[in-house]
Amino acid sequence: MMLKKSILAVLTLLVLTACGNKEDDLTAKEREKVIEDGTVGFEMMGGEVEKATNVPANEEKAIIAAFDEYIAAFNDKDIHRYMNTISKNPKGFNYDEDKVFAEKVFDQSDTKRDVANVTIAKYEQEEAQVFANVTTHSLQLETNVEHESAGRQVTVFVKEDGAWKVTSVFYIGDDTKSSTGNQ
């Protein structure tokens, strides 16, 4: 039973970092470098995230709609919709590998992401960074083991063919809770 819980915990962590290219255990120096390199334009640790003030109203609406669709497509286990939210040339992951991984997650678990405090934290004409508090609820279908995790996520979008697409995801977990369901 403990092995099954461990496998589920790893699966859930991978779900949360699918599309991600940075781990949540970066050292302070590594976090600083990520921020300096412009990969994530602000510190994800603690405090409040300030809303970018330079976002045109029409772009703000389009970026938030793209983020909402990214979450909804994942929650609906709709691989075609989900992959339509992903950049064809992502910076933080491999498109084809992400598709295979997402299909596995959709087949093996019932996973839902709840988001709060969605904020465009950085905006440039061709790139936007969306911060959100994310809680993921997952039920592994084969074992009926439940898992919940919460953290802060930055989803980086790029403009591709006139639409905003996910190019990388950064996630820092807050805590993890696991429990077994009825078996």
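The values are calculated or read from the model by the stated rules, or taken from the named source; none is laboratory data. Values in this document were obtained by computation on a predicted structure and should not be read as measured data. Cβ atoms come from the backbone with ideal geometry, glycine included; neighbour counts cover every protein chain shown.
When the stretch 46-99 is filtered for residues that are outside any helix (DSSP H, G or I) and in contact with a helix residue (DSSP H, G or I) (Cβ under 7 Å, 6 or more places away or on another chain), the ones remaining, listed by number, are Lys77, Thr85, Ile86, Lys88.
The condition of being among the β-branched types (Val, Ile, Thr) and not in a strand (DSSP E or B) holds for only one of Thr111, Thr143, Thr135, that being Thr143.
Among the residues of the stretch 114-132, the one identified as touching a Lys or Arg at 6+ places or on another chain (Cβ under 6 Å) and not in a strand (DSSP E or B) is Glu126. Yes or no: the stretch 174-181 includes at least one residue that is in contact with a helix residue (DSSP H, G or I) (Cβ under 6 Å, 6 or more places away or on another chain), touching a residue at least 40 places away in the same chain (Cβ under 8 Å) and more than 24 Å from Ile79 (Cβ to Cβ). Taking every residue of the stretch 174-181 in turn, at least one turns out to be in contact with a helix residue (DSSP H, G or I) (Cβ under 6 Å, 6 or more places away or on another chain), touching a residue at least 40 places away in the same chain (Cβ under 8 Å) and more than 24 Å from Ile79 (Cβ to Cβ).
Looking only at residues in the stretch 128-174 that are among the polar types (S, T, N, Q) and over 14 Å from Asp114 (Cα atoms), the one that is surrounded by the most Cβ atoms within 10 Å (Cβ to Cβ) is Thr155.
Let's see how each residue does on (1) modelled with pLDDT of 95 or more; (2) within 17 Å of the chain's Cα centre (by Cα); (3) closer than 20 Å to Lys51 by Cβ; (4) not small (Gly, Ala, Ser):
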{"position": "Tyr82", "(1), (2), (3), (4)": "yes, yes, no, yes"}
{"position": "Val100", "(1), (2), (3), (4)": "yes, yes, no, yes"}
{"position": "Asn117", "(1), (2), (3), (4)": "yes, yes, yes, yes"}
{"position": "Val130", "(1), (2), (3), (4)": "yes, yes, yes, yes"}
{"position": "Thr136", "(1), (2), (3), (4)": "yes, yes, no, yes"}
{"position": "Ala163", "(1), (2), (3), (4)": "yes, no, no, no"}
